[in-house]
Amino acid sequence: SKDSLDLIVLPETAIPFHILLSQNTAYYNLFKHEVDFVNTPVFTGLADGYYTDSAHASVTAMKTGDAYFESFNSATLFLPYVGNGPVYRKVVLVPYAERVPYAEMFRFLIEPLKWGVGISSWGKGTDQIVYDLKLRNGNAVSFSGMICYELVYPEYVREFVRKGAKFLVVVSNDSWWGNTSGAYQLAAYTGLRAVETRRWIVRCANGGISGV
């Protein structure tokens with residue numbers, strides 16, 4: 001029932017554009033209205049980014065007019081009547097599909113991919129975030145969210161627990177696997193990480209396998 005619902009989880013790329021930018025305030029307010037209406041926190045995948053100048057642009061930043069734009073595969077927690085909390089930017093990126101390994105060293109390799117076919121241009125996050133979630137019964141619990149491929153690495157997942165996460169959330173976009181074993185493999189990894197960390201893991205996948 002609605003009275004027992006403490007958290008809604010939406011998958012990776014559920015919001016596939018930069019809703020947090022000022023030019024998208026109308027869409028942000030529309031989404032926030034829906035969160036307020038259901039009166040339930042929502043953890044969702046989304047695109048995030050910021051503008052910078054040439055002096056501070058990373059190798060993955062895209063030139064847009066006189067500025068550079070750094071884009072991240074991200075997720076955040078929306079709270080009713082508050083707005084969004086800290087934005088988690090994906091730290092462990094899929095090699096080549098999301099970012100060329102050692103991109104800073106191999107700039108000559110990333111440029112043709114970035115401008116030609118538009119891959120390998122995600123920025124790399126740096127922080128592992130722990131969110132505080134207030135429950136309807138008056139208690140509170142801390143949790144962390146990660147994105148897709150990051151779940152493969154036990155030492156990375158373990159750090160969220162060491163930072164205080166009492167349960168974990170994984171948002172994923174598995175639709176690109178098609179009719180192959182990839183989505184099943186990632187779902188199996190979820191079980192391994194749950195056993196290793198002794199934490200419940202909520203998995204929400206776009207085109208893949210969701211579960212607890």
**Asked** Got a sec? Which strands (runs of 3 or more DSSP E) wholly within segment 32-100 have at least 2 residues that are buried (at least 17 other Cβ atoms within 10 Å of the Cβ) and among the aliphatic types (A, V, I, L, M)?
**Response** 42-52, 67-79
**Request:** Please enumerate the residues belonging to segment 137-174 that are open to solvent by 40 Å² or more (accessible area, probe 1.4 Å) and among the charged types (D, E, K, R).
**Result:** Glu155, Arg158, Glu159, Arg162, Lys163, Lys166
**Prompt:** Can you tell which of Arg199, Arg136, Arg203 is in contact (Cβ under 8 Å) with a residue 60 or more places away in the chain and among the basic types (Lys, Arg)?
**Reply:** Arg136
**Request:** State whether one or more residues within segment 176-183 are at pLDDT below 95, hydroxyl-bearing (Ser, Thr, Tyr) and open to solvent by 50 Å² or more (accessible area, probe 1.4 Å).
**Result:** yes
**Complete:** Contact list, first residue from segment 59-79 and without any contact (Cβ under 8 Å) to a residue 24 or more places away in the chain, second anywhere and assigned to a strand (DSSP E or B) and of a type in the set (A, V, I, L, M), beta-carbon distance below 9 Å, six or more apart or interchain, is Tyr68/Met62; Phe69/Met62
**Message:** Given the criterion open to solvent by less than 60 Å² (accessible area, probe 1.4 Å), at negative phi and either of a type in the set (Phe, Trp, Tyr) or part of a helix (DSSP H, G or I) (or both), identify the matching residue among Ala205, Ala187.
**Reply:** Ala187
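The values are calculated or read from the model by the stated rules, or taken from the named source; none is laboratory data. Note that this is a predicted model, so its numbers are computed, not measured. Here the Cβ is made from the backbone with ideal geometry for all residues, glycine too, and neighbour counts use every protein chain on show. The accessibility values were calculated without ligands, DNA or RNA, using every heavy atom of the protein model including side chains. Shrake-Rupley method; radii C 1.70, N 1.55, O 1.52, S 1.80 Å.
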